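One structure is given here, and the rest of the page talks about it.
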Amino acid sequence: MKKRTMIRMLWDQIRAVVLTLLISDAAILFLNYLYVNKLDLWLFYSVLILVGIALYTGFKVFEIKKIQSDLQVDDFNESHYSDSAYPFVMKLQELETRIRQLDNEYESEKRELSDYFSMWTHQAKLPIFAMKLMLESNETEPGELKSQLSRLESYVNSAMAYIRLSSASTDFVLSRQNIDQIVREEIRANAGSFIRKKIAVDFQGENLMAVTDNKWLAFVISQILSNALKYSSSNSVIKIQSLADRGELIIEDHGCGISKQDLPRIFEKGFTGISGHTSKESSGIGLYLCGRILNQLNHTIKIESEPQKGTRVILGFPEELKIQD
């Protein structure tokens with residue numbers, strides 16, 4: 001900054017000297033013309049004046065060109081600007097960078113939303129097509145029809161959760177909740193699927209209480225139960241435990257399990273893994289949404305699994321959120 005100031009001062013002094021010489025030469029030329037009237041001196045000083053004018057004009061042109069170059073330069077260089085203008089230029093650059101960043105984020109979110117709903121539309125068509133086929137063939141089975149409606153409802157709930165989580169504000173309402181009661185309600189909501197797949201539920205509750213959002217936690221538990229049902233074979237058992245002293249809810253199935261290489265990526269958006277490739281219902285969105293919801297609720301989720309042995313999901317409620325009766 002000091003070096004730039006010295007150069008600017010030197011530049012101003014040179015311009016002042018040139019302007020002084022120009023004025024002095026003009027005065028001498030005028031006096032010479034009035035009193036001496038010698039042609040050679042008159043021509044000499046005329047040349048000096050022209051040189052002075054040329055130099056001064058050159059300085060001005062150079063300065064204008066430099067300003068134009070500074071305005072067009074892409075890479076910011078603080079030497080281009082005066083001390084007083086520097087903070088404003090820096091602020092403008094910060095705002096421009098932020099605008100570009102927000103624009104890129106908006107385009108990315110728009111692409112992700114478009115990709116998600118393209119996939120969602122394809123998934124939602126399957127239960128709709130199945131129900132239409134049953135109605136057209138007059139072979140409607142209430143249980144199967146209810147199953148397809150349940151699938152469609154699950155897709156709609158996932159889409160609504162995806163939209164709400166992508167918005168600027170999410171409608172979390174934290175309050176004292178009985179976690180066991182939420183689990184029982186979700187078991188009843190999925191009772192038809194348990195019966196159709198001949199899968200039993202072993203629920204052992206310890207009256208676990210915690211501060212949470214009833215609606216969002218119910219969505220998470222529903223997604224976990226849905227996965228357990230999806231990947232479990234008939235005549236198996238899904239075991240659920242609530243441990244009040246440890247502040248944990250454990251949901252364990254004996255399904256196909258998750259491979260070791262897939263486990264680190266199960267919460268990534270769109271990741272289905274080896275097990276997901278065998279199921280047309282897999283979207284890679286359910287666990288992604290669960291992870292985001294639980295993170296915002298300040299709950300934890302841990303998944304342990306082995307191929308062909310089953311999966312164990314552990315929801316944790318931090319000490320400060322547990323409520324002891």
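Pairs spanning more than 23 Å between alpha-carbon atoms, out of LYS110/LYS302; LYS230/LYS269; LYS125/LYS302; LYS215/LYS302; LYS239/LYS269; LYS198/LYS230: LYS110/LYS302; LYS125/LYS302; LYS239/LYS269.
Only protein heavy atoms count here; on that basis, with a 1.4 Å probe, GLU268 has an accessible area of about 80 Å².
For the set ILE99, ILE224, solvent exposure ranked by accessible area (probe 1.4 Å, protein chains only) runs largest to smallest as ILE99, ILE224. Label sites at THR97 and ALA200, each approximated as a point 7 angstrom past Cα along Cα to Cβ, lie 6.3 nm apart. Residue separation of ARG246 and MET134 scaled by 0.36 nm, minus their Cα-Cα distance, works out to 35.6 nm of gained length.
How do ASP115, ASP171, ASP180 rank by accessible surface area computed with a 1.4 Å probe, from largest to smallest? Intermediate values should be presented prior to the final figure.
Details: ASP115 105, ASP171 65, ASP180 5 Å².
Listed by decreasing accessible area, they come as ASP115, ASP171, ASP180.
The values are calculated or read from the model by the stated rules, or taken from the named source; none is laboratory data. Remember, it's a predicted structure, so these values are computed and weren't measured experimentally. Reconstructed Cβ throughout: ideal geometry from the backbone, glycine too, with neighbour counts over all protein chains shown. These area figures cover heavy atoms from the full protein model, side chains too; ligands, DNA and RNA do not enter into them. Shrake-Rupley method; radii C 1.70, N 1.55, O 1.52, S 1.80 Å.
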